[in-house]
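What follows is a set of notes on a single structure, which appears directly below.
The values are calculated or read from the model by the stated rules, or taken from the named source; none is laboratory data. All values reported here derive from a predicted model rather than from experimental measurement. As a convention, Cβ positions derive from the backbone with ideal geometry for all residues, glycine included, and neighbour counts pool all protein chains shown. Accessible surface areas use protein heavy atoms only, side chains included; no ligands, DNA or RNA. Shrake-Rupley method; radii C 1.70, N 1.55, O 1.52, S 1.80 Å.
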Amino acid sequence: MASIDLGKVLDSAWADKELSEILAAPVAALKGVSDRDGELLDEAFGVRTVADLASLKYVRWAQALAALDAAK
């Protein structure tokens with residue numbers, strides 16, 4: 001089973017939340033993503049939540065390309 005240190009990827013206010021709350025959180029809940037970054041993601045791609053970002057086709061495409069490169 002995969003695990004992640006939430007304190008390393010989330011702002012401290014979100015690190016102790018349930019996964020469902022984190023996925024529904026604004027993207028600014030991610031460490032290093034500002035409120036302004038979130039506004040720009042919303043304007044450009046309609047991304048408002050962490051779940052929206054995770055399901056964004058461009059993110060999935062980039063991850064697939066990186067996985068292909070790592071598999072060579």
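Give the number of residues within segment 27-53 that are within 19 Å of residue 8 (Cβ to Cβ) and open to solvent by 60 Å² or more (accessible area, probe 1.4 Å). Talk me through it step by step, then tell me what you get.
Initially, segment 27-53 is screened for residues within 19 Å of residue 8 (Cβ to Cβ), giving 27-34, 37, 50, 53.
Next, only the ones that are open to solvent by 60 Å² or more (accessible area, probe 1.4 Å) stay: 31-32, 37.
The number of residues fulfilling the criteria is 3.
Pairs meeting the criteria (first residue in segment 15-26 and within 8 Å of residue 50 (Cβ to Cβ), second residue hydroxyl-bearing (Ser, Thr, Tyr), beta carbons under 6 Å, at least 6 apart or on different chains) are 24/49.
Working only within segment 40-72, note down all residues that are assigned to a helix (DSSP H, G or I) and within 9 Å of residue 27 (Cα to Cα). Steps first, answer last, please.
Filtering segment 40-72 for residues assigned to a helix (DSSP H, G or I) gives 40-45, 50-55, 57-70.
Result: 41, 50, 51, 52, 53.
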